[in-house]
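Each reported figure results from applying straightforward, stated rules to the coordinates on display, with no laboratory input. These numbers come from a predicted model, not from an experiment. Reconstructed Cβ throughout: ideal geometry from the backbone, glycine too, with neighbour counts over all protein chains shown.
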Amino acid sequence: EIESFYEKSYAHYEIVPSLTIWSGPGWGFKNDKTYTATFVLGPLNKNYDFDSERFLNLSIHEFGHSFVNDVVLKNKDLINETEKLFTPIRDAMDPQGYNNWQTCVIEHFVRAGEIIIPELMGDTSQSQTLMKDYTENRQFIYLPYIVEQLKHYRVDKKLSYKKSVRMTLED
């Protein structure tokens, strides 16, 4: 479903568990030379347990960076035009590691995928839970709008993901 939504695939997907990452649950990145998307996963619990119901969400989220980052960054003109939107959420985003508007925009789009993809898989309750947590507890205040627009352009109108991102940023 993730490949279908983002209209891209990789030859390899790897999850690299690490017992030494404690600053967060992990991160995702890609290697264009080997067509590999990687998700480095830190322990989800203090007992070094990697098996958690959060695992699916984290996988969609961290692998999502391999699909989303470049697409969003191709719209730097719009990111720069909308930078003033960072002001109201700067204080909430900075402690979460999103200390500039560009990073914050990427993170909003990654989280939008994390909400839309489970819904496309039939898990609307998980999507609603994530939306509530991200907007109420994490202050991703632009997320409902981005999710709504991506659903409109990508899911309903069947536009490409790249075009859907561009149009959402324009809106």
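A few points about this structure:
- Applying 0.36 nm per residue to the separation of residue 19 and residue 40 and subtracting their alpha-carbon distance, the gain on full extension is 6.5 nm.
- Among 19, 120, 130, residue whose mean-square fluctuation peaks in a GNM of the chain (springs only between Cα atoms under 10 Å): 19
- Report note on the peptides 143-151, 57-65, 157-165: ranked by the mean count of other C-beta atoms within 10 Å, highest first, their order is 57-65, 143-151, 157-165.
- For the residue pairs 74/158; 8/84; 33/84, the C-alpha atoms sit more than 28 angstrom apart in 8/84; 33/84.
- Entry for log10 I(q)/I(0) by the Debye sum over Cα atoms at q = 0.11, 0.13, 0.18 Å⁻¹ (calculated from the structure that is shown) out of [x] -0.45, -0.64, -1.28; [y] -0.66, -0.81, -1.18; [z] -0.52, -0.68, -1.21: [x]
- Segment residue 133-residue 32, extension gain: residue separation times 0.36 nm, minus the distance between their alpha carbons: 33.1 nm
- Mean ellipticity per residue at 222 nm, deg cm²/dmol - from DSSP H runs of n ≥ 4 across the chain, formula -39500 (n - 2.57): -14000 deg cm²/dmol
- For the pair residue 145 and residue 170, label points projected 7 Å from Cα toward Cβ lie 1.7 nm apart.
- Computed from point charges on the beta carbon alone (+1 for Lys and Arg, -1 for Asp and Glu), the dipole magnitude for the chain about its Cα centre is near 400 Debye.
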